[in-house]
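A.B. asks: One structure coming up, written as structure tokens, with questions to follow.
The values are calculated or read from the model by the stated rules, or taken from the named source; none is laboratory data. Keep in mind it's a predicted model, so treat the numbers as computed, not measured. Heads up, the Cβs are rebuilt from the backbone with ideal geometry, glycines too, and the neighbour counts pull from every protein chain shown.
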Amino acid sequence: MSASTPLKLLRVVLPVPLRRAFDYLSADPLPAVGCRVSVQFGPRTMTALVIEHPSESEVPANKLKAIKGVIDTAPILAKPELKLLAWATQYYLYAPGEVYFQALPTLLRKGEAAAYRSTSYWHLLDASAQVSSQAVKQQQALTVLRQGPLTTGELAVRGISSAILQALAKKGLVEKKEQVPTPSDWRHANAPLTNDTNKPQLTTEQALAVSLIKAAQGFSPFLLEGITGSGKTEVYLQIMEPILQAGMQVLVLVPEIGLTPQTIARFQQRFTLPVKTLHSAMNERERLDAWLSCKDGSTAIMIGTRSALLTPFARLGLIIIDEEHDSSFKQQDGFRYHARDLALLRAHQLGLPIVLGSATPSFESLHNAASGRYQLLTLKQRPGSATIAQHLLLDSKGVQLHAGLSPQLIALVGQELAQGNQVMLFLNRRGYAPALLCHSCGWIADCERCDAHYTWHRQPSHLHCHHCDHQRPLPAHCPSCNSSELIGTGLGTEQVEQALAGLFPQYGIIRIDRDNTRRKGSFELHLEGIRNGKYQILIGTQMLAKGHHFPDVTLVAVLDADGALFASDFRATERFAQLYIQVAGRAGRASKPGRVVLQTHQPEHALLQDLTNQGYQHFAQQALQERQLANLPPFSFQALFRAQASDAKAVQQFLQQLVEHLQPNLPLSVLCLGPLSAQMERKAGQYRYQLLLQAPNRRELAAACRLALAIIDTQVAARKVRWSLDIDPVETW
Ligand code: ADP
Ligand code: ZN
Ligand code: ZN
């Protein structure tokens, strides 16, 4: 650039882990706020995002560098989105670059143009194409494609595999073609908005919820608490209608897309408008295209996981968060944001209604509803003839257990199977046994890198550390005494499967956990087998608990409740209760009444009594009172400093020093606990410690955290450890 053109200041963020922005110079006209530029940063050329046109800089003029180039001619993030990210940077006290870049698809982070590019889409060749009514999946594929071409990835999350598409292609009904997507405006389409044919008549409770949400003006948060199967999704569908009619977009956040093909299919079936998804299983190009289609308004309904919340929208009109209690909405590494909390902020900024739905709302949300910040809507009944399950506590004290199953439970399972029903057994521990033990000398196979036992797997046979993922072959002999009598202790899903296969050989049995759903499409295949009656006995971890409708399941059994009752994390009981209710919700969804059995050594435990006799609401109220007495969240606010290193001393010293400098400067109202060792002190060779801060309000918590960060910036010991700050942590170590 010639010396005659005066250069002006530009403030940018860079994807580096530093808690600051950077100033550069650029010629007039300056790239707008929200545009990417490329800059020299140290030895590297990096993509940066312009966040401000400052009038002065702290950096001396002769030290300022000019940018190397402009990438975007128009902002890729608009003002409201930039404001949200600026707020998030302040709130989570995190490196701004990492926060802002989290809102960009990978390709944009790498400097790729913010434009559509040719992608492979599946097209319908004949709009009136039909297949035989037996080919259910093929029919589904045709229905979905009638609304427009989709990529293989988008079809996969709707439960349609490539095999099905190939079969249709062979019949000459569909075709895969390269195409550049073009922005589309669905607002002026003449077609009706919904496929009215199978819209049910709302129950009174549903109708009330729908009309209250529809009447909302401006920012209005709702908590929709409805038991499993009470028709929450139907409420979502109906409140979306007027929003879409007005040409506004809807964002639906769900915990895990892979587990919700049925939900996506329902949105797609109801509306004649473009439905898109955004989740980690999509490739980088698919993600960018979906992102662009929200930004330019082409997408009417976006269904996505956590990160979809940071997507720009041209005309956002409503946010829905399904299963709002789910901890997957909180990012657990890097920029540790909570998508639900940021969603509320976004709705507030834009003056939108926001609906948080769950059968088991988080305590935070219940507290917000109780204090009037959210409007509470409840659905207590299931529509139609579906009945509510009956709960049973089975005492396993002193009872001879067969692979963790009491004789009483085995009898119940037998009864249901004999009547042609399905049963579901739930155990949140995969593998055959959680430990391998030498019967002669007591040696236990421990992971070398963690304070943990190896889990013994038999299909295929090996030892697996579930904490660091380390795997090794099963030893033939005890390394300590050379005995060959190695036995498993404790219970895993493989063992339950084996035992039930022995007890009920005439029935189909399927295990669903992470081990046997790794292969692409296998989860869907298992679900299909459950639905079409190939399997009568279902065994699973929490994967099986979420969101699936199995109308023929009449008995759900939770095999081990005892672990959660005595965990050290104060949230463990909340999580157990949520999981239990979710699991229980699998029973008796159709016309068949269901039973839920909880097997425990502590049947008299107050929590279990409350949960099974009074339900989640009552349990939550009691538990919230306890939290209030103990001054725990949501009645106080927490932040957690975590630190780890291969040298335990270095970690302890770092946190100890931090406490010594921090504590004397904290007001009495702010609690500083630690350093505490993590529950599992050593994981993957790293020693882990933490420091907890707790304050009566967010302002004081933020002040304490800022102080701590300022101290850490001066600590030499900080360079020898990996540390992080987690605001509003949902888990301790
Ligand atoms: P939730 O999301 O609360 O688990 P769903 O919306 O999935 O509940 O509803 C459960 C089942 O009941 C679904 O099969 C749904 O189609 C059906 N359903 C929902 N509302 C009604 C209604 N008002 N009348 C009849 N069936 C309904
Ligand atoms: Zn031994
Ligand atoms: Zn390990």
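A.B. asks: With farther than 23 Å from residue 708 by Cβ and touching a residue at least 60 places away in the same chain (Cβ under 8 Å) as the only criterion, which of 684, 643, 650, 639 stands out?
C.D. replies: 684
A.B. asks: I'm told residue 271 meets every condition in (1) surrounded by 22 or more Cβ atoms within 10 Å (Cβ to Cβ); (2) at positive phi except one. Can you identify the failing condition by its number?
C.D. replies: Here residue 271 meets the rest and fails (2).
A.B. asks: Now for a separate question. Quick one: which strands (runs of 3 or more DSSP E) sit completely within the stretch 1-100 and have at least 1 residues that are more than 38 Å from the chain's Cα centre (by Cα) and more than 30 Å from residue 289 (Cα to Cα)? Quick ask: steps written out before the conclusion?
C.D. replies: Working: elements: 7-13, 22-27, 36-41, 44-52.
Where strands (runs of 3 or more DSSP E) fall fully within the stretch 1-100 and carry at least 1 residues being more than 38 Å from the chain's Cα centre (by Cα) and more than 30 Å from residue 289 (Cα to Cα), they are 7-13, 22-27.
A.B. asks: Something else now. For residues that are surrounded by fewer than 12 Cβ atoms within 10 Å (Cβ to Cβ) and either in the same structural domain as residue 254 (by TED's automatic domain parsing) or assigned to a loop (DSSP other than H, G, I, E, B) (or both), tally how many sit in the stretch 154-177.
C.D. replies: Final tally of qualifying residues: 1.
A.B. asks: Go over the candidates 360, 299 one by one and state the one that is surrounded by 23 or more Cβ atoms within 10 Å (Cβ to Cβ) and farther than 22 Å from residue 225 by Cβ.
C.D. replies: Values: 360 fails: farther than 22 Å from residue 225 by Cβ.
Selected residue: 299, the only one of 360, 299 that is surrounded by 23 or more Cβ atoms within 10 Å (Cβ to Cβ) and farther than 22 Å from residue 225 by Cβ.
A.B. asks: Mind checking which pairs have a first residue in the stretch 357-376 that is outside the structural domain of residue 252 (by TED's automatic domain parsing) and a second that is part of a loop (DSSP other than H, G, I, E, B), Cβ under 8 Å, 6 or more apart or different chains?
C.D. replies: Filtered contacts from the stretch 357-376: no entries.
A.B. asks: Quick check, is residue 491 surrounded by 16 or more Cβ atoms within 10 Å (Cβ to Cβ) and either modelled with pLDDT of 95 or more or outside any strand (DSSP E or B) (or both)?
C.D. replies: Details: surrounded by 16 or more Cβ atoms within 10 Å (Cβ to Cβ): yes; either modelled with pLDDT of 95 or more or outside any strand (DSSP E or B) (or both): yes.
Taking the combined requirement at face value, the residue satisfies it.
Quick grid of which residues meet (1) more than 13 Å from residue 148 (Cβ to Cβ); (2) part of a strand (DSSP E or B); (3) at pLDDT below 90:
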residue: 280; (1), (2), (3): yes, no, yes
residue: 286; (1), (2), (3): yes, no, yes
residue: 292; (1), (2), (3): yes, no, no
residue: 299; (1), (2), (3): no, no, no
residue: 309; (1), (2), (3): yes, no, no
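A.B. asks: Go through the stretch 476-485 and give me each residue that's within 25 Å of residue 685 (Cβ to Cβ) and either more than 10 Å from ligand 2 (Cβ to nearest atom) or in contact with an Asp or Glu (Cβ under 8 Å, 6 or more places away or on another chain) (or both).
C.D. replies: Initial filter on the stretch 476-485 (within 25 Å of residue 685 (Cβ to Cβ)): 478-480.
Across the stretch 476-485, the qualifying residue is only 478.
A.B. asks: Just to be sure, is residue 45 within 28 Å of residue 313 (Cβ to Cβ) and either among the basic types (Lys, Arg) or touching a residue at least 12 places away in the same chain (Cβ under 8 Å) (or both)?
C.D. replies: On the way: within 28 Å of residue 313 (Cβ to Cβ): no; either among the basic types (Lys, Arg) or touching a residue at least 12 places away in the same chain (Cβ under 8 Å) (or both): yes.
Against the criterion (within 28 Å of residue 313 (Cβ to Cβ) and either among the basic types (Lys, Arg) or touching a residue at least 12 places away in the same chain (Cβ under 8 Å) (or both)), residue 45 does not qualify.
A.B. asks: Please go through the stretch 96-119 and pick out each residue that is of a type in the set (S, T, N, Q) and surrounded by 14 or more Cβ atoms within 10 Å (Cβ to Cβ).
C.D. replies: Initially, the stretch 96-119 is screened for residues of a type in the set (S, T, N, Q), giving 102, 106, 118-119.
The answer is 102, 119.
A.B. asks: I'd like to verify a number: residues in the stretch 414-448 that are within 16 Å of ligand 2 (Cβ to nearest atom) and aliphatic (A, V, I, L, M), how many?
C.D. replies: Within the stretch 414-448, the subset within 16 Å of ligand 2 (Cβ to nearest atom) is 435-446.
Checking the rest, the ones that are also aliphatic (A, V, I, L, M) come to 435-437, 444-445.
Looking only at that region, the number is 5.
A.B. asks: Name the residue that is farthest from ligand 3 (Cβ to nearest atom), counting only residues in the stretch 190-238 that are among the acidic types (Asp, Glu) and in contact with a strand residue (DSSP E or B) (Cβ under 6 Å, 6 or more places away or on another chain). It would help to see each step written out before you state the result.
C.D. replies: Residues of the stretch 190-238 among the acidic types (Asp, Glu): 196, 205, 225, 234.
Narrowing further to those that are in contact with a strand residue (DSSP E or B) (Cβ under 6 Å, 6 or more places away or on another chain): 205, 225.
Details: 205: 48, 225: 39 Å.
So, considering only residues that are among the acidic types (Asp, Glu) and in contact with a strand residue (DSSP E or B) (Cβ under 6 Å, 6 or more places away or on another chain), the one farthest from ligand 3 (Cβ to nearest atom) is 205.
A.B. asks: When you look at residue 631, is it over 30 Å from residue 450 (Cβ atoms), modelled with pLDDT of 90 or more and surrounded by fewer than 15 Cβ atoms within 10 Å (Cβ to Cβ), yes or no?
C.D. replies: On the way: over 30 Å from residue 450 (Cβ atoms): yes; modelled with pLDDT of 90 or more: yes; surrounded by fewer than 15 Cβ atoms within 10 Å (Cβ to Cβ): yes.
So residue 631 passes the test.
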